[in-house]
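Each remark here refers to the structure printed beneath this line.
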Amino acid sequence: MSLLKRIGATIAAASLCVQGCAAQMVTQPYVDPVSGIVFNSTWVTGPGSDPESASVATYGFGMVLPPDAFIKDANEYIGLLRCAITNDTADASQGWCGLSHGVSGQMTQSLLLMAWPYNGSVYTSFRYTSGYNLPGVYTGNATLTQISSTINATQFELVYRCQGCFSWNQGGSAGSVSTTSKLFIMGRAAAKKGVHNPTCPDKVFFGFHDNGYGQYGAPLDNATHTSYPYWAAKATKTAATNCATLETPPPTTTATGTQPTDTSVPTTTAAAQCTPAPAKSYDYIVVGAGAAGIPIADKLSQAGKSVLLIEKGPPSSGRWNGTMKPAWLQGTNLTRFDVPGLCNEIWVDSTGIACTDTDQMAGCVLGGGTAVNAGLWWKPNPKDWDYNFPYGWKSSDLAGATKRVFDRIPGTWHPSMDGQLYRQEGFNVLQSGLNQSGWKQVIPNDSPNQKNRTFGHTTFMYSGGERGGPMATYLVTAYARKQFTLMTNTAVRRAIRVGGHVTGVELECLSSGYSGVVNVTANTGRVIFAAGTFGSAKLLLRSGIGPADQLQVIQSSADGSTFLPQNQWIDLPVGYNLMDHLNTDLIITHPDVVFYDFYAAWNTPPEGDKDAYLKNRTGILAQAAPNIGPMMWDEIKASDGIVRQLQWTSRVEGNDQVTPSKNAMTLSQYLGRGVVSRGRMTITNTLETQVFLHPYLHDDFDKEAVIQGIKNMQAALNVIPNLTWVLPPPGTTVENFVNNMIVSPSNRRANHWMGTAKLGYDDGRSGGSAVVDVNTKVYGTDNLFVVDASIFPGMPTGNPSGMIVIATEQASQRILNLSAPAAVGYGKQCGGKTWGGSYACEDPYVCTYVNISYSVCLSPDAT
């Protein structure tokens, strides 16, 4: 549902090098006939650049910078924005368009500008969003003053001065771009239908773009001009606003594909109302019901422990009373999450599904990522454990956990219930070249250690023609136990702790669900964060655990009044070691490849396909969109001696921004095990997590492996007759293709984020890199644990869901085997910077801070 829709599904659109973008964005000079302003460079859409429009959408953007903008960074510009007007709507306001000023033209964490025509005037609104929800009104210092505007039957044009537009700050979440770099990456989007409340920019609401989108490189070499001050003085106009009569936005829903509304606009929805949490304590409280939280809650309740599993989001699968679905699933017990062929809809409409407190895509629904992803399910390569994990977590240690997981969720590479594979033309084309080039075909989960010059069909966590995984297995058995409790639509603010001992969690009333405090069993109870790489790190930070600079941000936030005092902070490297598979897309075309439109199947699947699925769970809708496979694996030994693992994920889907062909396939290269580059996650004072430093290609040898991997794949496929390369473009070397490619989360992510609460023996309180010990217990605590992808020390081969569940099985046994901390008596030590004993005091004593190295159990009234 992002401004740059389907960015995660068609990453190539955003990862184009500047020269690749230039092929789709025509660069040309322009002189505005009204003002006489000279735009030495404007960027206009070219053929094939707008996959959502029936014809080529008209979009143009130009920029003039102050004459010294290459010497010192400017924070203003004169802009030209030209957009199409559509006449296929009854709206008086006919269409809108917008642009992103972000570092990589992204939607999130960027200053956005949208514009629309109405009754002879052009209106504008600055917008901002930190996550995957429709952008709200930007409240920072950017200002736009008009120089001229024109409107005709086919397009509108606005020439304007934009001040404060190259740096932005929304409630403490800041960003900027640099004119001295002489290159911007711009983002654009347009819609056919107009906005509502068009004369009141702060109260407009609008639907998704459906008339073109994309990102493009904008070299600024010719953008400065000595006449800038004279031209800027012409900016004296604003459109007359009228907010007297306003429409009310329609209800937000995704049940039948209704467009969601701008979340910044007040609606008639009642204020958040939550139910007080039950006055009951639990042996374990698990926060986050995804790939880790569900299995560990099941294992703990199986051991006879009372367990509360808390999920921030709503139910997803129909099995668990989920309701989000297209019209053709009405009357069934299926939702959009259950049907494999609808999994790509997350990149079209993620309203009520994606987490809104992070700038990356994450699933905030029951099941987490295993509810919304494509369901790829891999038995790990033993090297992934042996290379990345410490003693006690090697492949031999994980053998039992691996067997238990794959006994419960074996997965399948032929998910249709008739055993057939559908629309295999793309697989067959690539298979022919790989076979001829000496690559070996395998059944991946039968040969998890064969990951060098091998390929095979994709294995999924599906069962019975529907999404399976933890929700269909572990959650079913847990839910049947009387000692298990599940809360959905309930957010956790933090763990409540005294020193290093946690007594419960504080709930946060965001919309519905529960509020208040839930306690764990006195002395023996435990809390487990399983909220994902961003969610668990955020919970740690809000619980006073993390680097001092981040805890100071929390202290200055809305949490400040109740935040732990500084002498209770636990200094650990939370947020560091951030990892993701670097994604590099190649695109080929071949006349034998056949595209199936899974996106159209959301509303109107072919009758035969719909009937086959609904009646028998057979056919192409039982397969994951967008027809994934083959999978390929390669190992590259770089010049630093480190062997880096590559996984290639093929899909029958091209990208209309680089080719209009419906015979295209995308081959996504994931850089996995052995990768050296790392990033950092941080939090803003609006309590939103962000990728502060991306984890991609900081190491030259990582790039060397990417380049060599592409060359290996080209060599393997070049033997296929009639195969045409689109990316890398013909005539472009692999080195130039990779070196000129934009590197940022918005265009190179795989959304396999890991590592922010690293597991290890090297205690982060003493200068080490680990946040949790090998029992997954947070250093500096005696009963707080983290179990999810955030604890991974290094990157695995491929999609991590299976490995996360295996790690959870292992962690559950380690946690259950730990003895509860024995409460200590009066005058006994209960804390300190490197303390490793019990943090709990006998009643009525309280663990009291003395100095950084020493805390002691004293009477509550002791001073």
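Computed from the coordinates by the stated procedures, all read-outs in this text should not be read as laboratory data. Since we're looking at a predicted model, the values are computed, not measured. Because the Cβ atoms are built from the backbone with ideal geometry, glycine has one as well, and the counts that use them run over all protein chains shown.
Of (1) 45.8; (2) 35.8; (3) 43.5, which one was derived for mean projected area of the Cα convex hull in nm² from the structure shown?
(2)
What are the lysines whose alpha-carbon lies under 18 Å from the alpha-carbon of Lys203, with same-chain residues fewer than 8 places away excluded?
Straight-distance partners of Lys203: Lys193.
Provide Rg over Rh for segment 670-810; use the alpha carbon set for both Rg and the Kirkwood Rh (inverse mean inverse pair distance).
Answer for segment 670-810: 1.07.
With an 8 Å cut-off on Cα pairs and a minimum separation of 6 or more residues, tell me the relative contact order of the chain in percent.
14
Stokes-Einstein at 4 °C, 1.567 mPa s, Kirkwood radius from Cα pairs: D for segment 132-229 in µm² s⁻¹?
Answer from the Stokes-Einstein relation: 79 µm²/s.
Return P(r) of segment 329-385 (all Cα-Cα pairs; 5 Å bins starting at 0; whole %; ordered from short to long distances).
Taking all Cα pairs of segment 329-385, the binned fractions are 4, 16, 23, 21, 14, 10, 7, 2, 1, 0 percent.
Straight-line reach from Lys615: which lysines fall under 22 Å, measuring Cα to Cα and dropping same-chain residues less than 8 apart?
Lys325
Please list 133-141, 446-454, 494-502 highest first by mean number of surrounding beta-carbon atoms within 10 Å per residue.
Top to bottom by mean Cβ count within 10 Å: 494-502, 133-141, 446-454.
The chain: longest stretch without exposed GluC sites (Glu not before Pro) (DSSP loop, at most 15 other Cβ within 10 Å), sites themselves excluded?
The reported range is 248-841.
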